[in-house]
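The values are calculated or read from the model by the stated rules, or taken from the named source; none is laboratory data. Since the structure is predicted, the reported quantities are computational estimates derived from the model, not experimental observations. In this analysis, Cβ positions are derived from the backbone assuming ideal geometry, glycine residues included, and neighbour counts consider all displayed protein chains.
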Amino acid sequence: MNAGFLLVAAPATPLVLLLAGLLVPPLRRHLPDFLAQAPVPALVAAFLAMGNASVDGETLLLGMALRLDFPGAVLLGFCALLWITCGAFASTYIRGSADRERFSVFWLLTLSGNLGVFIAADIISFYLAFGLVSLPAYGLVVHDGTDRSRRAGLFYLVLAVLGETCLLLGLMLMASGADSLLISDAVGAIPSLPYRDLTLGLLVAGFGLKAGLFPLHVWLPMAHPAAPTPASAVLSGAIIKAGIIGLIKFLPLGTGLPEWSLVLTTAGLFTAYFGVLMGVTQSHPKAVLAYSSLSQMGLVITLLASGLVAAGVSAGDVGADHGADGIAQVAAFYAVHHGLAKGALFLAVGVVGATGAARIGPVLAVTAVIALGVAGLPLTGGALAKLELKGPLGGGLVETLVAWSAVGTALLMLHFLRRLRMAASADAAARPSPGLSLPWGATVLAAALVPWGLYAAAGSHDLAYAVKPGNLWALTWPILLAGILGWSLRRIRLPSVPEGDIVEPIARLLEPVRSVRLPPLPGVPSIVEAVGRAAAGIVVAAEAPVRPFPAAGLALLAVAAIMAFALAG
Amino acid sequence: MPGVVWGPDVGSGLLALAVVLPVAGALLILPLGRHAERVPHLLFMAGLVLATAIAYHVWIGGVLTAAIGGWPAPLGIVLRADGLSAVMLLTTALVLVPVGIFAAGEFQPRTADGRESRAGLLFWPLMMGVWAGLNGTFLSNDLFNIYVALELLTLAAVPLVTLEGKAGTLAAALRYLLFALLGSLLYMLGAALLYGTHGTLDLTLLADRVRDDASALIAAALMTAGLLAKTAMFPLHLWLPPAHGGAPAAASAILSALVVKASFYLVVRLWFDLFPSLLDDTGATVLGLFGAAAILSGSVLALRQARLKLLVAYSTLAQLGYLFLMFPLAGGGTEAQPWTAGAWSGGIFHAVSHAFAKASLFLGAGILVQGIGHDRIADLRGAARSLPMVIAAFGLSGLSLMGLPPSGGFIAKWLLLTTAMASGRWGWAVVMFAGGLLAATYVFRVLNRAMATPEQPLRLVQPVHQSRQLAVLFLALVSVLLGLVPAIPFELLQIGGGLSTVEGFR
Amino acid sequence: MTGMLPLLILSTSLVPAVVIFFLPEAATRVRAAVNLIGALAKLPLVGLILDGVAAGEQYELRYTLVPGLDFLLRIDALSLLFLSLSAFLWLLTTLYALAYLRDGANQSRFFGFFSLCVAATTGIAMSGSLITFFLFYELLTLSTWPLVAHRGDARSIASGSHYLAYTLAGSTALLLGIVWLEGQVGPVEFAAQTGIAGADPNTLRWIFLLMVGGLGVKAALFPLHSWLPAAMVAPAPVSALLHAVAVVKAGAFGIVRVVYDVFGIGLVTDLGLGVPLAAVASFTIIYGSLRALNQSDIKRRLAYSTVSQVSYIILGTGLAGPTAMIGGLVHLIHQGLMKVTLFFCAGALAETLHIYRIQEVDGCGRRMPVTMLAFSICAVGMIGLPPVAGFVSKWYLGTGAIEAGQIWVLFVLAGSSVLNALYFLPILYRTWFRPATGTWREPLTPLPAAKVWGLVSPAVATAVASLASGLLAAAQPFSPLGWATLIVTRDYGP
C-alpha cells in the first residue's frame, strides 16, 4: 500500500461510503454505524505517509496535487483520531433521532473536507476541501431542528458563505501572481503582489472566520452549543483547525510583514481575552467551552503572527528552530492538544448529561484534570503545549499577556466545571451507555498521551525540560491565582450575555435590509405600445384628406404635376 | 395563324403563342359553358409549360423578339421578351395554376343541380382575359400594344371584383374602373405625345430617339402618373382596399398579386428602358417618397382592420411601397461597392415574392371565410388547431411580408438595404426596417389569435377540400423557396437588362 | 466529404422537423421515434467533427444565394463548443419533453418547432459569415415563438408577443448593424479578418452598439431582458431549451462571434468598447440576481438567475485577455448544463407534485430524493463552489479579470456568488431541512413509470455532466475547459 494511495484514500473513503449509501438503499439505513470507521485510513495515512507522500491528479479539477508535510501529518492524525472517537459517540448518540441518515450524510461530507484540508497542496483542491468542511457542517448544526439551532445555523451559513467568498477572492488574487496553482509557489509570490494587503486581508478574513478570530467569531458560540454533542466536539476540536492549517499554509511565515504581524497579534490576544470575558458569563457548559476554543485559537493566531515579525529567525531565544516551519510545528502541536482536550470536554458534557447526579463524581474528576490541562496544569499535555508556545513568542509584552491568558483560561475552566456539575441528568439513577462513555474515555486517553508522544518525538526540548522546577512554577501560579479569584468571586452574579454576544445588535440593524423589494421595471413594450399608438394616430390623420372620392381624383392631377416638376427640375 | 414569321428560331413563335393562348382559352370556354370544367386547368398548365419554355429560351439565347406578321418595327408590332418579362411571365403562370385549382371549388360552371351559375360561367373567361392582358403587357415592345393590353386587363379585372354581386363590391368596382380608366387616359396622352414628336411607338426605337426636351419630360410625367393610379400608389390608393377586400378570394389573389404589378412593371420599363438618359434623382426620389408614405400608411391602416381580407388588402398597399423604393436606390455608387447586386433586382425580387405570398394570403383568407364562416380577426381563436395548413401558409407568407429569412422577401429587402447603406442613403433603410416591423405587428396579430386555444374547439362550418389547402401551402412554399434558391431567378433577371438597371441614372 | 458534414448535421434536425409537422396528432410513437433518431444521429456526427477539428480539419460549405450574399457553413473550434452543447442537451431535452408532454395537445406542432429551433441553434453554431448567422438567428426567433405560446392560454399568448416584440426589434437592430457594416466593408466572414479596422471609428462604434444591442436582447442583457422571465409560462422543456441551450446562448454566442471574429478583441479594446461591455454585463449580473431574490415562483427565479448567469459569458468576452476569454467560453457550456438540470427538476416538481412556488417546496427532498439531489448539485454549482462546473468558469473569470487589470470585476463576482447563495440556499434548506407542509397535490393516478423515468433521468444525466465537467475540468482537450483553452490558444492566441 504505497503512500500515494493512502493519501487519496484518506479524504475519499467517507465520500465512497456516502456514495454507496446513496446508491444502495439498505446500506443507507446502516450509514450511521460506519461513522467511526470512515476516518481510519486517514489515521494510517498520517503515520505512514509522514512527509514523503505526494499524488498528482493532472486531470482532476485544475491539476489536483496532494502533499503531506509535518504539521499537516500531525493535524491529520489527531483529526482522524478525534473523528473516530466522535464517530463512535455519534453512532450511539443519534441512533434514536429520525433524521440520522441525513446527519450521517452531512457528517461524512464534513469529515472528508476536514481530512482533505490538511493534505491539499494546490489552491483549487484546498478550496474544495475548505468548502466541504464549512458548508455541510450546517447540516450538523441544525440537526435537532429547534428554533435555537435553526437560528444558529442561519448565522453559521451566512458567515460561512461570506468567508468562502472572501477566501475565493484572496486565492484568485494570489493565483494570478503565481505561475502555478501549487500553494507553495503561490505563497512565495504574495509579498511581491501588487494587491498584497488586499490579498492578505481576504485570506485572513476567510481563515480567521473559520478559526473564530474577533469580530468574525460571532457564529461560533452560537453554532457549537446548538449542535448535538458529537458534532460540537468535532466542530470545536477538528473543524476549527481548518482555519489554523489555512493560516499555516497561506501566511508567508518567515517574510517580514511587521504591520500584518501587529494586526494579527492584537486581534489574537483580544480574541483570547474576549473569549474568557464572554465565557464566564455563559450558563450552558457547551457555550463556555465554545468561548474557550475561541480564546485558545486567539493564542494560536498570536503565535503565527510572531512568524511574520521579521525575515528569517524571529526574535525568540536561540536554540529552538524558530524559523517559519518551527512556528508551524508549534502551532500544530498546540492545536493538536487543544483539539483532543476540547473534544474530550464536549463529550464529557454529553456523558454527564446521560448520568445521574450521584454517579458523575469520577467523570467530573477526569474532566477537571483535562479542563485544567487546557489552562496548562503541569504534567498534562497542556503544560507541554504552553511551554512550546513560550518558545517562539520571545519575551516582551506578548509573552506576558499570553502567560496571563492562562489565568483567564483556568478561570473559564473552573466556571465550566461548576456549570457541568449542574448539567447532570435529572434521573438520579441514570447510567451512561457504554456506547457513550467508551469513546469519551478513548478521547481522554488520547488527550493525555498523544501530546507527550509528540513532544518526545518532535518537541523543541527533551522531556526533562517539562519537569524543570522553573517551568513547573511558571505553569502552576496562573492556576492557583485563578483558583483564589474564582473562589472569592463565586458570590457575584455576572450579567448573562446571550450567545453570539455582538450579533444581536447587528442582526437588528440588518433587519430592514431583508425586506427591500426592487420596484418592477416599467415594461419596455408598454412604452413602445404608447409610442406606436401615437405614431399610428398621426399617420392615419395624414392619410385622411385623401380619403374622400373627389379629393382622390384631384390627387391624380396633382401627382402628374408633381412628376412634371420633379422631372423638369 | 398564317403570316407569323417564325423569326430566327422557335422562341419568337412562343411569344406570339403566349398572348394567343389565353385569348383562345377565353373564346373556347364561353361557348362550352357548363361543360368546360377541365378546360381552364389544362390551359393554365399549358401556360406554365409555355412560360417555362420562354424562360429557358431567354436563359440560353438571350433576348427574344418576334415581329408579328413579319412587319419590322416602325410599322409592325414587335413582341420582346428579356429577362424581366420572362420572370414576370413565369410568375404569372406559376400563380395562376394554384389559383385555378383553388377557384375550381368555388366557381363550378355547372351547379350541383345541373343549372348554369352566372358567377361560375363568367369567372373563367374573365380570368383568361386577365391572363391575356398580363402576358400582353409583359411581352409588348410597343406603346400602343401595351395600352391595348392594359385596357383588356382592366376590363377583365373590374367585373371580377363584383362577380358575386355583393352590395359593397359594385361601388368598389366602379371606383376601381374610374381610376383605371383615368390612368389609361393619362398614359394614352403621354404615348400620343411621344408618337407625335418621334413618329414611332416602338420602345427600342423610341429609346434611341428620345432627347432631353419638354415633350419627352411631360410625356414621362403623364405616363408615370397614369400608371401610379393603376398601381394604387400612395396618394391614389383609395380604390384598392375595398376592391381587393370585397372581391372573391381567387379574384383578389390575382388582383393583388399580378394585376397591380403589371402597371408597376410598365413604370420600371419606362424609367429604366425608355427614359434612363433624361431622368435624374429628383424624380426617383419623389417616387421613393410616395413609396415610403405607402409603406407607413398601408401598414398602420392594416393594423387597424377588423377583417382579415381588408388587412391583407392594406398590406398590399404597404408592400407596393417597397417596390417604389427601388427607384431612388437604383444604381448610384455601385462602382464603389461592386458587391451590391443593385436595388433594381431587389425591387423585382420583391414584386415576385410578394406575388406568391399575397396570393397565398388571399386564398388562405378565402378558405377561412368558407371554413369558419367569417374572417373577423378577433374570432380566429383556435384556427391553428382546425386549419393548421392554412395558418402555416399564412405564417410562411408572412415571412415574405416582414422580409425575414428564409423568404424571398428577405433577399429582396437585403438587396435594397445593402444598396441603401452602401451609397450612404440610410434614410430609405430606416423606412424599410419600420415597414418590416409594422408588417410583423399585423402578421403576428393574426397568428396570435389563431394560436390561442378557444373555450370550446372551433368546428368547421363547411369542410374544406384538401387540394385547396395544398394550393395555398404551395404558393407560400414557393415564396420561401425563392428565398432559398434565389440564384437562378437572379441570373435570369439580369439578361437583357440595360446599363441603367445596374448603374442607375446619371 | 468535408463540405457534406455540416449539411448532414443541419439536416439531422431539419428533416425531423419537416416530417413531424406532417405527422397526425395521434402518431405519438412515430413522432417519438423520428425525434430520437434525429437527436441520436447528430451525436456521432458531432463526435466525428470534434475529432476532426481537434486534429485541425477544415469543414466548410459555401453556397451563393445572390452575389454578395453567401450562405457559408464553417465548423471551427468555437462553433463546436456551442454545437456539442446543443447536440447533447437536445437529446436529453427531447427525452424530457416526450415524457413531460405525454398527453398534451398539439404535440406535432410542438415537436416540429422544437426540432426547427434546434436546427436553428445548430445553424447559428455552424454559421461562417455574419449574414448566415443572421439567417439562423431569425429562424430561431420564429421557431421559438410558437413554443413559448404553445399552451395558447391568454398568458402564454401575451408572453409570446412580449417575446416577439423584443426579439424582432433586436433582430432589426442586428440586421441594420450587419447591413451598415457590409455596406462599408463588403461581406464579412468570421474566419477571414476583413479590413474593417480601416472604417471610421465612430461608425464602427455605432455598428458595434447596434449588433451587441440586437444580440443583447437574446442574451438577456439589461434592459433588454424582461422577455425572459415572462416566457416562463411556457412548458418546462421549452424553458429548459430556451434558457439553457438555444435562445439565450445564441445571443451570447453571437456577441462572442462579433467581438472576437468580426471586430477582433484588439479593435474592440482600441475602440474602448471592451470595458463598457463588461460593465453592462456586470450590472446585469447583479441586477439579475437581485431580481431573482424576490421571486417566489421557482421558474421565474431560475429565469432571473439565467439573466445574470449569461452575462458571465459576456463579461468574459468584454475583458481582454485569454484567461477571461476561456472563462467566458467555458461558462457557455457550464451554465447550459447546470441551468438545464435546474429547469428539468423544476418541471419534474411541477408535474409530479404540482409545486410551482418556493414556499411549497418544503420537505420534497424526502419525496423526490434523486431529482432534488440533482437540483442541489447544480444549485451549488451556480453559487460557484467546487467541484461542480460553475466554480471553474468563475475561477477563470476572476483570474482573467485580475490579468486584465479590472479588479472591480472580482467584487462583482463575489457579490454575485453571495446573491446566488441567498436565492438558492433557501430552496435547498426548505427541500432538505423542512418537514413537508402537505401543500402538494399528487395526481390522482400515480404517474406512469415511463413518465417518471423520462423526467428524472435527463436531470440526473445533466447533473452528472455538470459535476464531471467541474471535477475533470483539466482533462485536455475534450473537457469543456480543455476545449475552450484549445479555442483560445489555437484560434485567438496572441
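For B:Ala220, indicate whether it is under 25 Å from B:Val87 (Cβ atoms), within 14 Å of another protein chain (Cβ to nearest Cβ), touching a residue at least 24 places away in the same chain (Cβ under 8 Å) and not in a helix (DSSP H, G or I).
No: the conditions fail for B:Ala220.
Limited to segment C:55-87, what total is found for residues that are within 16 Å of B:Gly483 (Cβ to Cβ), modelled with pLDDT of 90 or more and polar (S, T, N, Q)?
Looking only at that region, the number is 0.
For the list (1) at pLDDT below 90; (2) within 30 Å of C:Leu95 (Cβ to Cβ); (3) surrounded by 24 or more Cβ atoms within 10 Å (Cβ to Cβ), I need the number of the one condition that C:Ala220 fails.
(1)
Go over the candidates B:Leu79, B:Leu84 one by one and state the one that is crowded, with 19+ Cβ neighbours inside 10 Å and outside any helix (DSSP H, G or I).
Details: B:Leu84 fails: outside any helix (DSSP H, G or I).
When all the criteria are applied, what remains is B:Leu79.
Hey, can you tell me all the residues within segment C:124-136 that are assigned to a helix (DSSP H, G or I) and either touching a Gly at 6+ places or on another chain (Cβ under 8 Å) or farther than 14 Å from C:Val245 by Cβ (or both)?
Hits for segment C:124-136 are C:Ile124, C:Met126, C:Leu130, C:Ile131, C:Thr132, C:Phe133, C:Phe134, C:Leu135, C:Phe136.
If the Cβ limit is 6 Å and pairs must be 6+ apart or interchain, which residue in segment A:445-467 that is assigned by TED's automatic domain parsing to the domain that holds A:Ala344 pairs with which residue that is outside any helix (DSSP H, G or I) and surrounded by fewer than 20 Cβ atoms within 10 Å (Cβ to Cβ)?
Once the first residue is assigned by TED's automatic domain parsing to the domain that holds A:Ala344 and sits in segment A:445-467, its partners that are outside any helix (DSSP H, G or I) and surrounded by fewer than 20 Cβ atoms within 10 Å (Cβ to Cβ) give A:Ser460/A:Ala320.
Which number in (1) surrounded by fewer than 24 Cβ atoms within 10 Å (Cβ to Cβ); (2) under 30 Å from C:Ile157 (Cα atoms) marks the one condition that C:Leu267 misses?
So the condition that C:Leu267 fails would be (2).
For segment A:140-151, what are the residues that are outside any helix (DSSP H, G or I) and either of a type in the set (Phe, Trp, Tyr) or facing chain C (nearest Cβ under 9 Å) (or both)? First the steps, then the outcome.
Taking segment A:140-151 as the starting set, the residues that turn out to be outside any helix (DSSP H, G or I) are A:142-146.
Answer for segment A:140-151, where residues must be outside any helix (DSSP H, G or I) and either of a type in the set (Phe, Trp, Tyr) or facing chain C (nearest Cβ under 9 Å) (or both): A:Val142, A:Gly145.
Is it the case that some residue within segment C:109-121 is within 9 Å of another protein chain (Cβ to nearest Cβ), without any contact (Cβ under 8 Å) to a residue 24 or more places away in the chain and over 24 Å from C:Thr64 (Cα atoms)?
Scanning segment C:109-121, I find no residue that is within 9 Å of another protein chain (Cβ to nearest Cβ), without any contact (Cβ under 8 Å) to a residue 24 or more places away in the chain and over 24 Å from C:Thr64 (Cα atoms), so the answer is no.
Need at least 3 residues that are within 14 Å of chain C (Cβ to nearest Cβ) per element, so show me which helices (runs of 4 or more DSSP H) inside segment A:166-250 make the cut, counting only ones lying wholly within it.
Counting at least 3 such residues, we get A:196-211.
When you check B:Leu240 against the structure, is it more than 26 Å from B:Ala440 (Cα to Cα), surrounded by 24 or more Cβ atoms within 10 Å (Cβ to Cβ) and in contact (Cβ under 8 Å) with a residue 24 or more places away in the chain, yes or no?
Numbers: more than 26 Å from B:Ala440 (Cα to Cα): no; surrounded by 24 or more Cβ atoms within 10 Å (Cβ to Cβ): yes; in contact (Cβ under 8 Å) with a residue 24 or more places away in the chain: yes.
No: the conditions fail for B:Leu240.
Hey, could you check segment B:223-247 for residues that are in contact with a Leu (Cβ under 8 Å, 6 or more places away or on another chain) and small (Gly, Ala, Ser) and say which is nearest to the other protein chains (Cβ to nearest Cβ)?
So, considering only residues that are in contact with a Leu (Cβ under 8 Å, 6 or more places away or on another chain) and small (Gly, Ala, Ser), the one nearest to the other protein chains (Cβ to nearest Cβ) is B:Ala225.
Considering segment C:140-191 alone, what residues qualify as being touching a strand residue (DSSP E or B) at 6+ places or on another chain (Cβ under 9 Å) and more than 7 Å from chain B (Cβ to nearest Cβ)?
Of everything in segment C:140-191, those that are touching a strand residue (DSSP E or B) at 6+ places or on another chain (Cβ under 9 Å) and more than 7 Å from chain B (Cβ to nearest Cβ) turn out to be C:Val188, C:Glu189, C:Phe190, C:Ala191.
Of the residues in segment B:195-217, how many are in a helix (DSSP H, G or I) and either within 14 Å of B:Pro276 (Cα to Cα) or more than 14 Å from chain A (Cβ to nearest Cβ) (or both)?
Matching residues across segment B:195-217 total 13.
List every residue pair whose Cβ atoms sit under 6 Å apart, with the two residues 6 or more apart in sequence or on different chains, where the first one lies in segment A:518-537 and is at pLDDT 70 or above and the second, anywhere, is surrounded by 10 or more Cβ atoms within 10 Å (Cβ to Cβ).
A:Ala536/B:Val300
Go through (1) within 11 Å of chain A (Cβ to nearest Cβ); (2) at pLDDT below 90; (3) surrounded by 24 or more Cβ atoms within 10 Å (Cβ to Cβ) one by one and return the number of the condition B:Ser299 breaks.
(2)
Are any of the residues in segment B:180-188 buried (at least 23 other Cβ atoms within 10 Å of the Cβ), touching a helix residue (DSSP H, G or I) at 6+ places or on another chain (Cβ under 7 Å), facing chain A (nearest Cβ under 9 Å) and free of Cβ contacts under 8 Å to residues at least 60 places away in the same chain?
So far as segment B:180-188 goes, yes, one or more of its residues are buried (at least 23 other Cβ atoms within 10 Å of the Cβ), touching a helix residue (DSSP H, G or I) at 6+ places or on another chain (Cβ under 7 Å), facing chain A (nearest Cβ under 9 Å) and free of Cβ contacts under 8 Å to residues at least 60 places away in the same chain.
Would you mind telling me which numbered condition in (1) of a type outside the set (Val, Ile, Thr); (2) within 11 Å of chain A (Cβ to nearest Cβ); (3) under 27 Å from C:Ile285 (Cα atoms); (4) in a loop (DSSP other than H, G, I, E, B) C:Gln406 fails?
All conditions are met except number (2).
Just to check your reading of the model, which residue among A:Ala90, A:Ala65, A:Ala38, A:Ala45 is assigned to a loop (DSSP other than H, G, I, E, B), touching a residue at least 40 places away in the same chain (Cβ under 8 Å) and either surrounded by 22 or more Cβ atoms within 10 Å (Cβ to Cβ) or not assigned by TED's automatic domain parsing to the domain that holds A:Val141 (or both)?
Numbers: A:Ala90 fails: assigned to a loop (DSSP other than H, G, I, E, B); A:Ala65 fails: assigned to a loop (DSSP other than H, G, I, E, B); A:Ala45 fails: assigned to a loop (DSSP other than H, G, I, E, B).
The conditions single out A:Ala38.
Could you list, in sequence order, all residues of segment A:473-491 that are under 23 Å from A:Pro392 (Cβ atoms) and over 33 Å from the mean Cα position of the chain (by Cα)?
A:Trp473
Of the residues that sit in segment B:255-294 and are outside any helix (DSSP H, G or I) and surrounded by fewer than 22 Cβ atoms within 10 Å (Cβ to Cβ), which one is modelled with the highest pLDDT?
Ranking the candidates gives B:Pro276 first.
Checking A:Ala121 against (1) among the small types (Gly, Ala, Ser); (2) crowded, with 24+ Cβ neighbours inside 10 Å; (3) more than 14 Å from chain C (Cβ to nearest Cβ), which single condition isn't satisfied?
Of everything listed in (1) among the small types (Gly, Ala, Ser); (2) crowded, with 24+ Cβ neighbours inside 10 Å; (3) more than 14 Å from chain C (Cβ to nearest Cβ), A:Ala121 misses just condition (2).
With (1) within 13 Å of chain C (Cβ to nearest Cβ); (2) modelled with pLDDT of 90 or more as the list, and A:Leu154 as the residue in question, which single condition is left unmet?
(2)
Being over 19 Å from the mean Cα position of the chain (by Cα) and of a type in the set (Val, Ile, Thr) is the filter; apply it to segment B:383-439 and report the residue that is farthest from the other protein chains (Cβ to nearest Cβ).
B:Val390
Just to check your reading of the model, which residue among B:Gln456, B:Gln466 is without any contact (Cβ under 8 Å) to a residue 40 or more places away in the chain, within 27 Å of B:Arg381 (Cβ to Cβ) and out of contact with any helix residue (DSSP H, G or I) (no Cβ under 9 Å at 6 or more places or on another chain)?
Exactly one residue qualifies, and that residue is B:Gln456.
Looking at (1) outside any helix (DSSP H, G or I); (2) over 29 Å from C:Trp90 (Cβ atoms), which is the one condition that is false for C:Leu425?
Against the list (1) outside any helix (DSSP H, G or I); (2) over 29 Å from C:Trp90 (Cβ atoms), C:Leu425 comes up short only on (1).
On the given criteria, is A:Ala129 within 14 Å of another protein chain (Cβ to nearest Cβ), buried (at least 22 other Cβ atoms within 10 Å of the Cβ), touching a strand residue (DSSP E or B) at 6+ places or on another chain (Cβ under 6 Å) and within 20 Å of A:Ile239 (Cα to Cα)?
yes
Tell me yes or no: at least one residue of segment C:456-464 is among the polar types (S, T, N, Q), more than 14 Å from chain A (Cβ to nearest Cβ) and under 21 Å from C:Gly336 (Cβ atoms). Steps first, answer last, please.
From segment C:456-464, those among the polar types (S, T, N, Q) are C:457, C:462; that's our starting set.
In the following step, the residues that additionally are more than 14 Å from chain A (Cβ to nearest Cβ) were identified as C:457, C:462.
Then keep just the ones that are under 21 Å from C:Gly336 (Cβ atoms); that gives C:457, C:462.
Yes, because at least one residue in segment C:456-464 is among the polar types (S, T, N, Q), more than 14 Å from chain A (Cβ to nearest Cβ) and under 21 Å from C:Gly336 (Cβ atoms).
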